[in-house]
Amino acid sequence: MITQYLCGVTPMRKWPKNCFLPKPNVDSSVLQFRFRYTPQNIEEESFFPLVKACFRQRRKTILNNYGEYCQDKQQARAELEKSGIDCTRREKASHLRNLSTYMRYIEMKVKAHAKINICLNVVCRRDDGYHELEMIMVPLMLHDELTITLSSEDCYTCSDAQLRMDETNTIIQAVELMRRTFSLSECFHVHVEKHIPAQAGLAGGSADAAAVMRGIRDLLKLDISLEELAQLGKQVGADVPFCIMETCALVKGIGERITPFAMPCDFHILLVKPAMGVPTGKAFSMLDFEKCDHPDCNEVIHALQQGDLAQLSSVISNSLEYSAFQLVPEIADINQQLQRIGFEAVLMSGSGSTVFAITRKKELLRQAEKRFHNKTYFVCCTAIKQ
């Protein structure tokens, strides 16, 4: 418990028990311990005796141990419940973050949810070089997980060794933006457990940037609304405002004008991505406005709100499919396969290269997942985050 207070603990590698001889009964892990910043408002002279008192006897509940420390069990119960701590917890089932509310100040875990574009219309090229967009975006249950810890110096780590953690990474750009905007003196250790693939049209980088901005806001109790944070986030990337809001929405402009709407989410989504990704800039540079599709987002919203997947299939399209199919022909092949095996609505997300397929049929979803898993694809069954 004291170790968790003094250090940020990051699992670096897991070793199964079969690697050892003689074989132990449990797996082993290599952990990284980093001494971290200690908030000034914690009185360690009181905190350390409190921890020792709460966990003095393993078999007793935290309420009984803390009650003896307070010499008033009713007062102990009231304080534990106010802090959101389960009074029936025993020593071995407890964690530092459950001990008291102020310990949540030290570490924050945030989910960075992927997105898909259920339709995407590139309206025109603007004078500033950006493209005017109209699109329907929805957040998915698929997510990365970020752990943000106050530290003595900035440190960025990731479960994916191939991901560059330098100034080109949106996470670092987001941290620096928050530091400049709020004149922050704190340093952070940000660790990313990566599950969203890169160059997939799923906003993996934007979702991570949005998550770190939300996490720092909550960690340091910054006085800024989610809507204001979203507008700030567009300085990092066009999809960051949506990823901060994380709600089904009509999105316009370059991604900064977000209009949420309600819709039923009673269907399943299969994601299939070929090994090759699509660079977003390249997809936009090859765009032919006369040859590409231009969906009507209002028709798409109506079909979604009615829950009519047949109607949805007839109105969804993506202006960037024209150029993405030329860059990675395998995207078109995946699209055709998913339509042939019976999915109600199929489309490439964003600039690609992920293709999503929508259905209410669980058996179809299971069979398709098995079929595509036999290839060198990223395949994921997911749903809309509600």
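Bear in mind these aren't lab numbers, they're just calculated from the coordinates by the rules spelled out. Note that this is a predicted model, so its numbers are computed, not measured. Positions of Cβ are generated from backbone atoms using ideal geometry, with glycine treated the same way; all protein chains shown enter the neighbour counts.
Here are the numbers for the structure shown:
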quantity	calculated
Cα→Cβ-extended label distance, 7 Å offset, between K362 and Y130, nm	4.3
Stokes-Einstein translational diffusion, the stretch 268-382 - Kirkwood Rh over all Cα pairs, 0.692 mPa s, 37 °C, in µm²/s	225
Order of C243, C119, C124 under a 10 Å beta carbon neighbour criterion, fewest first	C124, C119, C243
Environment charge of G352, counting only residues whose C-beta is closer than 9 Å and scoring Lys/Arg +1, Asp/Glu -1	0
Karplus-derived 3J(HN,Hα), 6.51/-1.76/1.60, for each residue of the stretch 172-184, Hz, glycine and proline x	5, 4, 5, 4, 5, 5, 5, 5, 5, 5, 10, 6, 7
Listed residues T376, T280, T259, most fluctuating in the chain (Gaussian network, C-alpha, under 10 Å)	T376
Dimensions (Å) - the chain, Cα atoms, principal axes, largest first	77, 52, 41
Environment charge at K17 (Cβ cut-off 9 Å; Lys +1, Arg +1, Asp -1, Glu -1)	0
Table column - 3J(HN,Hα) (Hz), the stretch 206-222, Karplus curve with 6.51, -1.76, 1.60, x for Gly and Pro	5, 5, 5, 4, 4, 5, 5, 5, 5, x, 5, 4, 6, 4, 9, 6, 6
Net charge of Cβ neighbours under 15 Å - reference S28; Lys, Arg +1; Asp, Glu -1	+3
Lys/Arg +1, Asp/Glu -1 at C-beta; the chain dipole; positive extreme among H189, I85, P274	I85
Options A303, A383, A332, ranked by Cα towards positive dipole end of the stretch 288-386, top entry (Cβ charges)	A383
Inter-label distance for C187 and D160, nm, one decimal - labels placed 7 Å from Cα along Cα-to-Cβ	2.7
Highest-fluctuation residue, D144, D293, D27 considered, GNM on the chain with Cα pairs under 10 Å	D27
HN-Hα J in Hz across the stretch 226-234 - Karplus 6.51, -1.76, 1.60, θ = phi - 60°, x for Gly and Pro	5, 5, 5, 5, 4, 5, 5, x, 5
Gain on full stretching of the segment that runs from V9 to E153 - 0.36 nm per residue minus C-alpha separation	50.3 nm
Other-chain or far-sequence residues with amide H under 5 Å of T354's (modelled H)	G201, S349
Residue-span extension gain [R257 to K23] - 0.36 nm each, minus C-alpha spacing	78.4 nm
The stretch 265-386: relative contact order in percent, alpha carbon pairs under 8 Å with at least 6 residues between	42
Potential extension, H302-F33 segment - 0.36 nm per residue separation minus Cα distance	91.6 nm
